[in-house]
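Scroll down for the structure; my scribbles are underneath it.
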Amino acid sequence: MAAERATSFSWEKPVNDSARTAADAATRPEPTGFFEPADHGYSPLETARGPWGQDTLGGQALAALAARELEHHCPIAFGGGRITVDFIRATTFGPLESRVEVARSSSRIALVLVDLVQSDRVVLKASGLFVAQPAGDNGGGNAWSPDSEFVYPALPPAAPGPQPALMSSAGYPDDWSSDFSAHRNNARKRMWAPAMISAVHGEEASAFVRVSTLAEGTSFITNWGGEAVPYMNVDFTMNLLRIPEPGGLGLESSGQFVANGISVGSASLYDEKGIVGVSSVTCLALPNRSVKF
């Protein structure tokens, strides 16, 4: 049976209070992150639970933690770069350990490698290639580049607490809504995330962590056709040309191609001032376990 995902899907997922006792709900604060610090690593909070099974960690949570670890150990001030995350083994809903290596550090670039480990097995490998902000102007030239087509949704004033993501599809740009069931069609998908939670409870999500978390959603935005997403991404890559400004972030599908049960998709990433980077995913078909909206 296909997995059902709540149509009120938000990049700030609310806690499932039904999974907690009344006493817990009364005494434990709502988590502001996917994980909390634990002995030798991080323990998942309810927000980290994945859509592919109750005993799994979600890709967004893993992406956020990997990005946080990469950035935390980056030895240079960076203005752009790349993150690649490979989901190499299935996870359980349990603690993770982070192992970090700074493979290269210079005045211009830094390469940081992260393994996330669960029960002594590496479940995720990530690399971050960080580029220092250069002095001076761009290199010039007249290379072709596509026009930006992203039309931002009209947003109410920011409110405290979780803010649901907005979707646009067949009626773009006039159909932005947080009701994901209204976008069960085969049209090009776009998402706007007004806010996102951090990797670790109690921390404020950095711009790099926020945009990396959103980039993991490239599989969702490119593979959603009709009522479901029948593909699961085994990786994602984001190339970042500048650090996003504070505020919301957008994700726009650039298309999907499929052959022999494998899908590849790409997307563009935006902040409130324009494009900040591009992302891509490699995905495997799971038609009998598709995530429904």
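The values are calculated or read from the model by the stated rules, or taken from the named source; none is laboratory data. Nothing here was measured: the structure is a model prediction, and the numbers come from that model. Quick reminder, even Gly has a Cβ in these numbers, built from the backbone with ideal geometry, and neighbours come from all protein chains shown.
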message: If the requirement is being crowded, with 16+ Cβ neighbours inside 10 Å, of a type in the set (A, V, I, L, M, F, W, C) and at pLDDT below 95, which of these qualifies: LEU269, LEU286, LEU251, LEU240?
response: LEU286
message: Among the residues of the range 70-95, what is the count of those that are over 20 Å from ALA215 (Cβ atoms) and either modelled with pLDDT of 95 or more or not hydrophobic (A, V, I, L, M, F, W, C) (or both)?
response: 8
query: Within the range 165-190, how many residues turn out to be assigned to a loop (DSSP other than H, G, I, E, B) and either within 15 Å of SER254 (Cα to Cα) or without any contact (Cβ under 8 Å) to a residue 40 or more places away in the chain (or both)?
result: 12
statement: Of THR218, THR222, THR282, the only residue that is touching a Phe, Trp or Tyr at 6+ places or on another chain (Cβ under 8 Å) and of a type outside the set (Asp, Glu) is THR218
- line: By residue number, the members of the range 225-237 that are at pLDDT 95 or above, surrounded by 24 or more Cβ atoms within 10 Å (Cβ to Cβ) and of a type in the set (A, V, I, L, M, F, W, C) are PHE236
statement: Within the range 218-275, the count of residues that are outside any strand (DSSP E or B), within 20 Å of ALA126 (Cβ to Cβ) and touching a Lys or Arg at 6+ places or on another chain (Cβ under 9 Å) comes to 2
statement: If we ask which residues in the range 71-95 are closer than 23 Å to LEU129 by Cβ and hydroxyl-bearing (Ser, Thr, Tyr), their number turns out to be 1
